[in-house]
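The values are calculated or read from the model by the stated rules, or taken from the named source; none is laboratory data. Keep in mind it's a predicted model, so treat the numbers as computed, not measured. All Cβ positions, glycine included, derive from the backbone under ideal geometry; neighbour counts span all protein chains shown.
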Amino acid sequence: MGAARKAIEPPSAEQAAFLERAIEQYGSIAYSYAYRLTRNEPDARDLVQEAFIRVYRAWRSFTPGTSFQAWLYRIITNLHRDELRRRKGRYYDEIPEDNAPQEWGGERPLAVEPIEEYLEGQYSETMAKALDALSPDQRQVLTLADLEEYSYQEISEIMGCSIGTVRSRLHRARNQLRRLVLKYSNV
């Protein structure tokens, strides 16, 4: 027979409070970041859930006085990279629940805001195609720099590379995005 398994200790009150505060304060921004990386809701939810499990397990390794958000983004980034490596060579396409087009009976779904929908419609088709055509690393560096407005230092810590690498990746990603937007807008 194998060795006896170590009993799982219940979480301490301090550990549970740490996780609750983290989810309250950073849950929505973690999801937004994960969604930008994965480009789909189920994968983003899974990524965030796994990230908070890692936060729960490694809560003592967080250094007070440093950016918790950067630490969380680093966890999400690493989990996303691991998932991309696992999926490499596999093709996934979302399959709708049924073959019928979704109809809302004249009413808008509750998650849709008219102003957001209008603004998104102004750029989304071309920009979405261009963003989807970028590599995951390019999309990630653009998200961190241009949408999340992190500094080069913070991005280098999140991505686990030097500031020079961040600058060159960002420069290449912006140029590639520019070329792709022009390409898709002239189609």
Response to the item:
Of 181, 141, 187, 166, the only residue that is at pLDDT below 80 and of a type in the set (A, V, I, L, M, F, W, C) is 187
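What residue, of 65, 27, is assigned to a helix (DSSP H, G or I) and not aliphatic (A, V, I, L, M)?
27
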Worksheet entry | Yes/no for residue 173 being outside any loop (DSSP other than H, G, I, E, B) and farther than 18 Å from residue 29 by Cα | yes
Response to the item:
Pairing a residue in the range 27-42 that is in the same structural domain as residue 53 (by TED's automatic domain parsing) and more than 16 Å from residue 70 (Cα to Cα) with any residue that is small (Gly, Ala, Ser) and loosely packed, with under 15 Cβ neighbours inside 10 Å, where Cβ atoms lie under 9 Å and the two sit 6 or more apart in sequence or on different chains, gives 39/128
Worksheet, complete the sentence: Reported set for the range 67-111 where residues are under 22 Å from residue 51 (Cβ atoms), at pLDDT below 80 and surrounded by 10 or more Cβ atoms within 10 Å (Cβ to Cβ) is 87
Worksheet item: Do you know which residues across the range 36-66 are under 16 Å from residue 25 (Cα atoms), among the polar types (S, T, N, Q) and modelled with pLDDT of 85 or more?
Response: 49
